[in-house]
Amino acid sequence: MSEATLGGRFSFPGTSLTVHRVGYGAMQLAGPGVWGPPKDSDGAVTVLREAVAAGVNHIDTSDYYGPHVTNQIIKQALHPYPAGLIIVTKLGARRPPDRSWQPAISPQELTAGIHDNLRNLGLDALDIVNYRVMGSIYDPEEGSIAEQVTVLAELRRKGLIRHIGLSNVTAAQVAEAQTITDIVCVQNNYNVAHRHDDALIDDLARQGIAYVPFLPLGQFSPLQSSTLSSIAGRVGATTMKVALAWLLQRSPNILLIPGTSSVAHLRENLAAGQLTLSQEILAELDGIAGTVAG
């Protein structure tokens, strides 16, 4: 695929890193519940290689997916990594044997998480590391994140991290983090139905900072909307392709990381970069917010 069909290009502020706006999220490469190995390890490798062959150069992951599983699959599939491939990971959680998601936010846990990511990805330094604040994805919790961001800034000074981002945060937390270090991206829950970050997206766009929506297609079941379904039928596309295309047109600083373990779904997601929606259709989609669960 060409740059145009992958949504164009975006350069992270203050860096030499440039990516196509349609990327790939690796979470679904792990087993059910993001735990353990996938049922089809060869298939997971194939999906990653297909994504990169199609031009994807932005992969989102974390060592607590699995845990360790997705990073090990990424390394198996793509190492030595092609020039220009940007791998973004995140810290802030751990997966104990009961398969729960627990915070891992002490300086020791964050440092250990960096070394886990480095080892399992086969890297000497991580391109971008997001500090993920645990808690509700629909209403992120306020509270200082200065200690955790300071730890990441120190790891950056040591050369283990090149750049720092944030995940599941409020606007106030972004502002606090920016008093400590440069922030190149923010990764929050956002989609055509869940629009709570509209003001934050616009503010980040003015600063040239990337906004990366997770759950761009809704929670673990697909977005349900009669408006979305109607528009998809009229433009001859799937509802998911329309939802992704809307995100690309919402703001030029939005980067997509839809995940899948299926080559067919991967191709469908990547094709969203080729779909241009009219202003009339964009206005209809804007009206979905608040009418369905996001």
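Any read-out appearing in this document is the output of simple, stated calculations on the displayed coordinates, not a laboratory observation. Quantities reported herein were computed from a predicted structural model and do not represent experimental measurements. So basically every Cβ, Gly included, is an ideal-geometry build from the backbone, and we count neighbours across all protein chains shown.
Does A271 qualify as being among the aliphatic types (A, V, I, L, M), out of contact with any Pro (no Cβ under 8 Å at 6 or more places or on another chain) and under 19 Å from H58 (Cβ atoms)?
For A271, the condition - among the aliphatic types (A, V, I, L, M), out of contact with any Pro (no Cβ under 8 Å at 6 or more places or on another chain) and under 19 Å from H58 (Cβ atoms) - is met.
Can you work out which of the residues in region 150-167 that are surrounded by 23 or more Cβ atoms within 10 Å (Cβ to Cβ) and without any contact (Cβ under 8 Å) to a residue 60 or more places away in the chain is nearest to I257 (Cα to Cα)?
Result: L166.
Which strands (runs of 3 or more DSSP E) sit wholly inside region 1-80 and have at least 3 residues that are out of contact with any Pro (no Cβ under 6 Å at 6 or more places or on another chain), aliphatic (A, V, I, L, M) and surrounded by 14 or more Cβ atoms within 10 Å (Cβ to Cβ)?
Passing ranges: none, list empty.
Quickly run through region 141-180 and pick out the residues that are under 22 Å from D197 (Cα atoms), polar (S, T, N, Q) and out of contact with any Pro (no Cβ under 6 Å at 6 or more places or on another chain).
S144, S167, Q173, Q178, T179
Closer than 24 Å to N57 by Cβ, touching a residue at least 24 places away in the same chain (Cβ under 8 Å), touching an Asp or Glu at 6+ places or on another chain (Cβ under 6 Å) and not in a loop (DSSP other than H, G, I, E, B): which single residue out of N130, N117 fits that description?
None of the other options fit; the residue is N117.
Has region 130-141 got at least one residue that is among the β-branched types (V, I, T), under 20 Å from the mean Cα position of the chain (by Cα), under 24 Å from R21 (Cβ atoms) and surrounded by fewer than 21 Cβ atoms within 10 Å (Cβ to Cβ)?
The answer is yes; a qualifying residue exists.
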